[in-house]
Amino acid sequence: MSQHAVVIGGGIIGLATCFEFQEAGFEVTLIDPDPISGATHHAGGMLAPTAEVQYQQHELVPLMRESAQLYPDLIRRVGQHTDLPTGYRTEGTLLIGADRADGQHLTELIDYVKAADLDIEPLTTRHARQLEPGLSPRIVKVAAIDGDHQLDPRLFARALYDAVLSRGAQHIREAVETITPQAVGLTSGKRVAVESTGVVVLAAGLGAAKITGWFDGEHPLQLRPVYGDIVRVRVPEALQPLTNRVIRGFVEDRPIYVIPRDDGTVTIGATSREDSPHPRTSAIHDLLRDAIRVVPGIEETEFLEATCGARPGTPDDLPYLGVVREGLIISTGYFRHGILLAALGAKSAVELATGQEASTSVAACNPFRHAASTINV
Ligand SMILES: Cc1cc2nc3c(=O)[nH]c(=O)nc-3n(C[C@H](O)[C@H](O)[C@H](O)COP(=O)(O)OP(=O)(O)OC[C@H]3O[C@@H](n4cnc5c(N)ncnc54)[C@H](O)[C@@H]3O)c2cc1C
């Protein structure tokens, strides 16, 4: 008889986790009242271990690198169980500095990236414009990162959802309130029994901080929403493609990215703020102005939407990923890298559940590292 995994949360982390448990031979139950409605719905989808390298984030770098390496195989395997597109593209990324100060910022980043032993190649702006004629001639500095790829998070999450359902996963459209060793308690009062040999994975993004019953004392997960405004536009057919690579960098010190999609749309993002969950007019204005400064053709596009998503942030920007008691795994807090880290997070959850040795250690992601009390039931 196959083992059973109950996965709470149907964002990219939960869905990829469902998929990998099925790959490992588990029967899967997904619990989520509204899958793909959280951060995953809003995300840019850059798989960018190099451009996203953060100062003083040494423990994050190996996780991002391994997850990026896992992606081609994950995409291939998901494609064996669904015909839905993923928007996965491997043309790479150009990192740009818009003015002289941004150029200096980029020079420092290039040095830091090289010191971290990651691949980045400075280009002349002339060469960059030969590669991407849609780039503005006013840009002062460019570097190519061929290994930073992208996918469309909404498409990929739908593909994962289709794949896991087509392989027999059960989906319970309800919210979880409690987790005890015997059962997962739903807000309706119903309970989903957990077999003694089964595993529960709490992958509910920010929602994980409201689910109780599995610890004593204060909630051990210190999750906070870090909001990001993001814009989508459609490129008129005559101008397609505006670019083939992801274009990202700095305009007057503000970060900006422009992600071309297969369907002729472009995603422009993203802000990072902790005040209000609603799209902010000034932020949308800045994003559009900066994107036009970098890729002027964006001025000719059709506006589709501006949304604001909440990244599940942790105090040290590392996820919470680990076993908290036998049969219960926490997998949340992926902050600004959850699309990239989904491949590793899902694989690690299966390794943790089955006692396999992980190729990349996730010890730094211990879910109790910020807890006042470490006593769990
Ligand atoms: C604007 C923006 C841009 C981003 N760009 C990138 C990027 O380019 N690259 C990258 O790697 N990352 C990016 N991210 C980060 C990434 O989106 C997140 O880290 C990732 O989506 C987190 O996935 P998740 O599955 O943990 O959470 P979510 O996607 O938030 O999903 C959580 C799920 O849990 C469900 N849930 C909540 N509570 C309960 C409950 N009680 N019971 C059952 N289910 C529940 C919700 O319905 C939801 O479906 C971006 C984020 C934002 C906001």
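Quick notes
- Rounded to the nearest whole angstrom, the semi-axes of the ellipsoid equivalent to segment 1-61, taken from the Cα gyration tensor as √(5λ), stand at 28, 16, 9, largest first.
- Adding -39500 (n - 2.57) for every DSSP H run of four residues or longer, then dividing by how many residues the chain holds, sets the calculated 222 nm ellipticity at -8500 deg cm²/dmol.
- Extended-chain gain in nm, criterion 0.36 nm per residue less alpha-carbon gap, residue 281 and residue 354: 21.5 nm
- When 267, 187, 301, 360 are sorted by how many other C-beta atoms sit within 10 angstrom of their C-beta, beginning with the fewest, the order is 187, 360, 301, 267.
- For segment 147-187, the equivalent ellipsoid derived from the Cα gyration tensor has semi-axes of 29, 15, 10 Å, listed largest first.
- Inter-probe distance in nm under a simple model that places probes 7 Å from Cα toward Cβ, at residue 180 and residue 323: 2.3
- Per-residue 3J(HN,Hα) values for segment 38-46, derived from phi via the Karplus relation 6.51 cos²θ - 1.76 cosθ + 1.60 with θ = phi - 60°, read x, 3, 4, 5, 9, 5, x, x, 6 Hz in sequence order (x marks Gly and Pro).
- Spin-label model, residue 41 to residue 188: label points 7 Å out along the Cα-to-beta-carbon direction sit 2.0 nm apart.
- Solution diffusion estimate, µm²/s, Stokes-Einstein, segment 228-267, Kirkwood Rh from C-alpha pairs, 10 °C, viscosity 1.306 mPa s: 145
- Those lysines that a straight Cα-Cα span of less than 20 Å connects to residue 210, excepting residues fewer than 8 apart in one chain: 190
- With neighbour counts taken as other beta-carbon atoms within 10 Å, the residues 4, 285 rank, fewest first, as 285, 4.
- GNM result for the chain, Cα springs below 10 Å: residue of 347, 114, 141 fluctuating most strongly: 114
- In straight-distance terms, cross-link reach from residue 141 covers every one of the lysines whose alpha-carbon lies under 17 Å from its own, apart from those fewer than eight places away in the same chain; here that gives 114.
- Here the chain is treated as a sphere whose radius is the Kirkwood value from Cα pairs; by Stokes-Einstein at 4 °C and 1.567 mPa s it diffuses with a coefficient of 61 µm²/s.
- Each residue of segment 275-292 was assigned a 3J(HN,Hα) from its phi angle through the Karplus curve 6.51 cos²θ - 1.76 cosθ + 1.60 (θ = phi - 60°); the sequence is 8, 10, x, 9, x, 9, 4, 5, 5, 5, 4, 4, 4, 5, 4, 5, 5, 5 Hz, with glycine and proline shown as x.
- Couplings 3J(HN,Hα) of segment 77-92, computed from phi: 5, 4, x, 7, 10, 7, 9, 6, x, 10, x, 6, 9, 10, 5, x Hz, in residue order, whole Hz [Karplus 6.51 cos²θ - 1.76 cosθ + 1.60, θ = phi - 60°; x for Gly and Pro].
- Amide H contacts of residue 47 (H built 1.01 Å from N, under 5 Å, at least 5 apart or other chain): 149, 150, 151
- Residues in segment 211-238 reached by a label modelled at residue 302 [backbone nitrogen below 12 Å; 7 Å Cα→Cβ]: 233-238
- Cα gyration tensor, segment 127-169 - rounded (a/c under 1.5), prolate or oblate: prolate
- Residues whose placed amide H lies under 5 Å from that of residue 180, excluding near-sequence neighbours: 185
Values in this text are rule-based calculations from the coordinates and carry no lab data. Bear in mind the structure is a predicted one, so any value in this text is a computation, not a measurement. As a convention, Cβ positions derive from the backbone with ideal geometry for all residues, glycine included, and neighbour counts pool all protein chains shown.
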